[in-house]
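Here's the structure we're looking at; comments come further down.
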């Protein structure tokens, strides 16, 4: 049986990892063993923080909506309850944008559910 030289496939696999390790410091970008550990950790944190980002943004939207509804003598929970009861289907992201950028438009939404 012929001898198998593993140069091409192995090199391609290593180069893929080293390419992802660009921008790291010292041995983490040049040495394969260090790069593998660091890239794996980075991908793990990226996976986790994609979900964490969604949570953080929802919290921010809720804070903005709450601050705006308090200006019109209403609490956040009563406002959201009234929206659901009246069948207004505006998501929190759009409500937060209205609260931050167009307070007159937000006031119209609040008046429609009062």
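Hey, could you check region 1-22 for residues that are part of a loop (DSSP other than H, G, I, E, B) and modelled with pLDDT of 95 or more and say which is surrounded by the fewest Cβ atoms within 10 Å (Cβ to Cβ)? It would help to see each step written out before you state the result.
Within region 1-22, the first condition is being part of a loop (DSSP other than H, G, I, E, B), and the residues that meet it are 1-6, 21-22.
Adding the requirement that they be modelled with pLDDT of 95 or more leaves 21-22.
Values: 21: 21, 22: 8.
If we take residues in region 1-22 being part of a loop (DSSP other than H, G, I, E, B) and modelled with pLDDT of 95 or more, then 22 is surrounded by the fewest Cβ atoms within 10 Å (Cβ to Cβ).
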Can you pull out the residues in region 80-102 that are more than 20 Å from residue 57 (Cα to Cα) and either surrounded by 12 or more Cβ atoms within 10 Å (Cβ to Cβ) or out of contact with any helix residue (DSSP H, G or I) (no Cβ under 9 Å at 6 or more places or on another chain) (or both)?
81, 82, 83, 84, 87, 88
Between 110, 36, which is assigned to a helix (DSSP H, G or I), surrounded by 14 or more Cβ atoms within 10 Å (Cβ to Cβ), without any contact (Cβ under 8 Å) to a residue 24 or more places away in the chain and touching a helix residue (DSSP H, G or I) at 6+ places or on another chain (Cβ under 9 Å)?
36
When you check residue 43 against the structure, is it modelled with pLDDT of 95 or more, under 18 Å from residue 114 (Cα atoms), under 26 Å from the mean Cα position of the chain (by Cα) and surrounded by 10 or more Cβ atoms within 10 Å (Cβ to Cβ), yes or no?
no
Selection from region 80-98 of residues that are within 22 Å of residue 54 (Cβ to Cβ) and in a helix (DSSP H, G or I):
80, 83, 84, 92, 93, 94, 95, 96, 97, 98
In region 63-79, how many residues are surrounded by fewer than 12 Cβ atoms within 10 Å (Cβ to Cβ) and part of a helix (DSSP H, G or I)?
1
Looking at residue 52, is it within 30 Å of residue 21 (Cβ to Cβ) and free of Cβ contacts under 8 Å to residues at least 12 places away in the same chain?
yes
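The values are calculated or read from the model by the stated rules, or taken from the named source; none is laboratory data. Since the model is a prediction, treat every value here as computed from it, not as a measurement. Backbone-built Cβ (ideal geometry, glycine too); neighbour counts: all protein chains shown.
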